[in-house]
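A short worksheet on the structure shown next.
The values are calculated or read from the model by the stated rules, or taken from the named source; none is laboratory data. Quick caveat: nothing in here was measured; it's all calculated off a predicted structure. All Cβ positions, even for glycine, are placed from backbone atoms using ideal geometry, and neighbour counts span all protein chains on display.
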Amino acid sequence: MPAYLDVPTGMVRTVLGDIPPGELGITLAHEHLLLTRYRWRREAGLPLPGVGDDPRSRAPISLETSAWVRRYGKHIDEPNLTDEAVAIREAARFAALGGRTLVDATNVDLTRDPPALVRIARATGLNIVMGAGHYLGSYHPLDMDTRSEDHLVDEIRRDITRGADGSQIRSGIIGEIGVEHPMTGNERKSLRAAGRAQRLTNTPLLGHPARHPQSPFNVVDIVREAGGDLSRTV
């Protein structure tokens, strides 16, 4: 089992190791190289949230429905990002134009793939920073009600200091941490855990507030109450 490796002050943790900020260069701060939505429901063979609740979720995408699909992202045909070769090609284009670093905000609920991120980093020469924590409530693990805040803190800390998903590949950012409006109890628990883990690991936190204008302020309040560092929260 790999040892815990705290993030040194003034360093950035990538999937290939820690680097100084001076090596970041041009950075894309919120991307998804590979992603599969509703991981836990898919693995359990359960219906996907939203698909079928509204007739537009199954109707052919057209001018009349495209705005709804873009906003809610719940169409049955909405593509997931599962082709590693395509991800490498797209990331290589960024690198060819002078890009140096990419923050992949795909967390465990969005089917994070640490070994694939390592392969993409090596194939493109990019610094890739991997996410940790949990997304929106509808994406949470099916047993999220039974997971304590302390348990979630430990999950995040493990991903950052030991390695994610049983690997020795370490996350370098907490996020993206998703919430709806109004926020569910589990989303609040997840966000508080993220704030606490941030304090313990010296790691930036990336939030995903809802579209409601009050939501970002709620996120800030909860992160602050949990002891997070707002100067390192996006």
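Just a few scattered comments:
- Test: residue in the stretch 163-172 that is under 23 Å from GLU225 (Cα atoms), at pLDDT 95 or above and among the aliphatic types (A, V, I, L, M): no
- Only one entry in ALA87, ALA105, ALA67 is free of Cβ contacts under 8 Å to residues at least 60 places away in the same chain, small (Gly, Ala, Ser) and within 21 Å of LEU24 (Cβ to Cβ), namely ALA87.
- Answer residue from the stretch 66-112, given it is of a type in the set (Val, Ile, Thr) and closer than 24 Å to GLY172 by Cβ and is surrounded by the most Cβ atoms within 10 Å (Cβ to Cβ) among those: VAL103
- Within the stretch 113-154, the set of residues being surrounded by fewer than 21 Cβ atoms within 10 Å (Cβ to Cβ), of a type in the set (Asp, Glu) and within 19 Å of ILE173 (Cα to Cα) comprises GLU149, ASP150, ASP154.
- Count of the stretch 156-178 residues which are at positive phi and assigned to a loop (DSSP other than H, G, I, E, B): 3
- Some residue of the stretch 141-149 being under 21 Å from GLY228 (Cα atoms) and of a type in the set (Gly, Ala, Ser): yes
- Among the residues making up the stretch 175-205, a single one is within 21 Å of GLU31 (Cβ to Cβ) and surrounded by fewer than 23 Cβ atoms within 10 Å (Cβ to Cβ): PRO204.
- From the options ALA91, ALA85, ALA116, residue that is of a type outside the set (Phe, Trp, Tyr), in contact with a Ser or Thr (Cβ under 6 Å, 6 or more places away or on another chain) and farther than 23 Å from PRO8 by Cα: ALA91
- The residues of the stretch 179-234 that are assigned to a helix (DSSP H, G or I) and in contact (Cβ under 8 Å) with a residue 40 or more places away in the chain, listed by number, are ASN186, GLU187, LYS189, SER190, ARG192, ALA193, ALA194, ARG196, ALA197, LEU200, THR201, VAL219.
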